[in-house]
1. Starting from residues that are out of contact with any helix residue (DSSP H, G or I) (no Cβ under 8 Å at 6 or more places or on another chain) and not small (Gly, Ala, Ser), keep the ones in the stretch 136-150 and report whichever is nearest to ALA201 (Cα to Cα).
2. Can you confirm whether VAL154 is within 17 Å of the chain's Cα centre (by Cα) and either in a helix (DSSP H, G or I) or surrounded by 21 or more Cβ atoms within 10 Å (Cβ to Cβ) (or both)?
3. Could you give every pair whose Cβ atoms fall below 7 Å, whose first residue belongs to the stretch 42-56 and is within 15 Å of SER107 (Cα to Cα), and whose second residue is modelled with pLDDT under 90 and among the small types (Gly, Ala, Ser), counting only separations of at least 6 or pairs across chains?
4. Going by the conditions given, is ARG50 in a helix (DSSP H, G or I) and surrounded by fewer than 16 Cβ atoms within 10 Å (Cβ to Cβ)?
5. Quick test of your reading of the structure: PRO148 fulfils all but one of (1) surrounded by 15 or more Cβ atoms within 10 Å (Cβ to Cβ); (2) touching a residue at least 12 places away in the same chain (Cβ under 8 Å); (3) over 20 Å from the mean Cα position of the chain (by Cα). Name the failing condition by number.
6. Tell me, which residue of the stretch 191-201 that is surrounded by fewer than 19 Cβ atoms within 10 Å (Cβ to Cβ) and within 20 Å of the chain's Cα centre (by Cα) is farthest from ILE240 (Cα to Cα)?
7. Suppose we filter THR208, THR213 for residues that are surrounded by fewer than 18 Cβ atoms within 10 Å (Cβ to Cβ), among the hydroxyl-bearing types (Ser, Thr, Tyr) and closer than 25 Å to ASP152 by Cα; which single one remains?
8. If I filter the stretch 169-190 down to residues being of a type in the set (Gly, Ala, Ser) and either modelled with pLDDT of 95 or more or within 12 Å of the chain's Cα centre (by Cα) (or both), which single residue comes out as farthest from THR53 (Cα to Cα)?
Amino acid sequence: MTPLTPRTALATWQFDPLASAALIFVAAAYLLCTARVRRRHPSRPWPLPRTLTFLGGLAVLAVATQSSVGAYDDVLFSAHMVQHVLLIMGAPPLLIVGRPVTLLLHSWGNPVHTRLKRAVRSRLVTALTWPPVATALYCAVVAGTHTPPFMDLVLENQAVHDAEHVLYVFAGYLFFLPVLDAEPLKRRVSPIGGFLMLLIAMLADSATGIVYTFQGRQVFAPYARVVRAWGPSQVTDLHIGGYVMIMGSDLIMVVIAIWLSARYLRADSGHLDGPRPAGLRGEADLAAYNEYLRTLEAGSGPGARGARG
C-alpha cells in the first residue's frame, strides 16, 4: 500500500456508497426541516450555528470512514484509533448540539410532533439516556471493542467492522445526550452529574489507551500479518494508538467540560430550555421564545393548528 505521508493523508479518499448515501440523506433531511421552520415561523428561523454544527458532525463521520483514516485503518492501528475517537467522541457531540430532535419538533405539527415527543420521552429512551446506563454502555463499548478477539474479528470481517462504526456513533450519541442537555429528554442531568459522566468516560478511555502503551509486542494478529516497509514498527504503532486514545479523549472531554461550564455560567435561570438561544436579544424576545416553547409543550402551537386545518 502507498506509504502514509502528510500528502497522501490529505489526498487519499475511499468512496463508501452506503455510508455516503446515509450521510447525504441525513444532511438533506436536516436542511429540509430547517427550510420548513423558516417557512412556518419566519420570525424564528432555525439558528445557522446549529445547522453548521450538525453538518460538521456529519463531515467528521465522513472523514472517519472515507478519508485516509478509513483507508489505512486496517494497516495502522494508530489510524484505527483515530477513527474510533472521531466516531465515538468527535462526531456525536457536534450532532447533538445541532439539536436534530428539537428541529423535528419545530418543523412538524401534529400528529408527527406528538408522536416524536412521546418517543423521545418513552421509557426506552429514558432508560438508555439515564446517566448510569449511558455511561456504563459507553465504557463497555470502549473496553469491549478494543480486546484482541473483537479487534481481530473487526479487521477480518467488513460487516462487523461497519457494525462497529454504527455502535460507536450510537454509544457516543446516547452518552453525550444527557451530558450536553440539548434535547427535550424526560430526565435532565445536573451540572455536577454531567461533569462526573465526562470524568468516568475519560478514565475509561485513558485506561484503554494505557494498556496499549505498555505492550512489548503486537497483540492483534491481523496487524502483525501486515507487511510494509514504511511507517512506525508494529510495537511503536501500537503505542501511538494508545496515546491517540488517551490524548484524544482528554482533549475532547476537557473542551466539552469547559464549554459546559461557560454555558451554565451564562444560562438564564428563567429560560425554559437552558441557555438563551443565539439570536435572542432583550426580555421581550426571550419571553416570546419561551411562550413558543410552552405552546409546543401543550401541542397547541402554530404547527399544531396548521396540521389541523
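1. THR147
2. When the stated conditions are applied, VAL154 does not pass them.
3. Cβ pairs passing all conditions: PRO47/ALA278; PRO47/GLY279.
4. On the way: in a helix (DSSP H, G or I): yes; surrounded by fewer than 16 Cβ atoms within 10 Å (Cβ to Cβ): no.
When the stated conditions are applied, ARG50 does not pass them.
5. (1)
6. It comes out as PRO191.
7. Values: THR208 fails: surrounded by fewer than 18 Cβ atoms within 10 Å (Cβ to Cβ).
Within the list THR208, THR213, the selection yields THR213.
8. ALA171
The values are calculated or read from the model by the stated rules, or taken from the named source; none is laboratory data. Since the model is a prediction, treat every value here as computed from it, not as a measurement. Counting neighbours? That spans all protein chains shown, and the Cβs are built from the backbone with ideal geometry, glycine included.
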